[in-house]
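The structure appears right after this line, and notes come after that.
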Amino acid sequence: MPKISLLIALLALLLLGCGENKETTQKVETVDQNPATPEGKEKLFEDILNETMDRLRYRDKSYIYELEFPYYREENTFDKFLENRKIRGAKADTLEFVDIVELIMYEPDSAVAYVEVHFKGPTGKETILKGDKLTFYWYGGRWIRPTVSTYDAQRQLDNIRHRADSAAQAEEEELGR
């Protein structure tokens, strides 16, 4: 029983802190996170990229799958996705973070980010890979960064579905429903 009390006391200390000391509070840098501003958009895309890399570091490739176009996810299971050569070889062991150097918005549905990828090797040596260009797409109410799927294939499927829906609606109107 005393071990449980000690555990609860330690947990309370962690959650509540050891008292407020205003002299030691750190100043937190605020970053504009409003997606309507250039800085906010940059932060939004950096968050997507860094979330991807963080998960890759833990060998979790599900987030990459979530960032594919819907047609691809409908046609391919997650297990099949993992068999793709690009995905099978994806690793982020020494990657520290991704920084967007320039963001070009192509309103309303796409953006290109020029990035610097920061690595830190096992010896502590830092390397920066400059000039990578990544394309994002606004689809389904969110920004995605597909790795395997393509915008053209999704657009073709959307056009086919739209024509089918239009034909069905016209048929219903013709039949007086």
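Structure values in brief
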{"item": "Any hit, the range 60-68, residues being open to solvent by 40 Å² or more (accessible area, probe 1.4 Å) and either assigned to a loop (DSSP other than H, G, I, E, B) or touching a His at 6+ places or on another chain (Cβ under 6 Å) (or both)", "result": "yes"}
{"item": "Residue check, Gly140 modelled with pLDDT under 95, out of contact with any Pro (no Cβ under 9 Å at 6 or more places or on another chain) and surrounded by fewer than 14 Cβ atoms within 10 Å (Cβ to Cβ)", "result": "no"}
{"item": "Among residues of the range 94-135, those that are of a type in the set (Gly, Ala, Ser) and closer than 19 Å to Thr150 by Cα, counted", "result": "3"}
{"item": "Test result for Val101, touching a residue at least 24 places away in the same chain (Cβ under 8 Å), open to solvent by less than 50 Å² (accessible area, probe 1.4 Å) and not polar (S, T, N, Q)", "result": "no"}
{"item": "Those strands (runs of 3 or more DSSP E) lying entirely in the range 83-159 with at least 1 residues more than 23 Å from Arg55 (Cβ to Cβ)", "result": "95-106, 110-120, 126-139"}
{"item": "Lone unmet requirement of (1) in a helix (DSSP H, G or I); (2) open to solvent by less than 40 Å² (accessible area, probe 1.4 Å); (3) closer than 27 Å to Lys41 by Cα for Arg73", "result": "(2)"}
{"item": "Which listed residue is acidic (Asp, Glu), open to solvent by less than 60 Å² (accessible area, probe 1.4 Å) and out of contact with any strand residue (DSSP E or B) (no Cβ under 7 Å at 6 or more places or on another chain), from Asp158, Asp109, Asp93, Asp165", "result": "Asp158"}
{"item": "Hits in the range 35-58 (condition: out of contact with any Lys or Arg (no Cβ under 8 Å at 6 or more places or on another chain) and outside any helix (DSSP H, G or I))", "result": "Ala36, Thr37, Tyr58"}
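The values are calculated or read from the model by the stated rules, or taken from the named source; none is laboratory data. Small disclaimer: the values here were computed from a predicted structure and weren't measured. Every residue, glycine as well, gets a Cβ built from its backbone with ideal geometry; the counts of neighbours run over all protein chains shown. These accessible areas exclude ligands, DNA and RNA; they are computed on the full protein's heavy atoms, side chains included. Shrake-Rupley method; radii C 1.70, N 1.55, O 1.52, S 1.80 Å.
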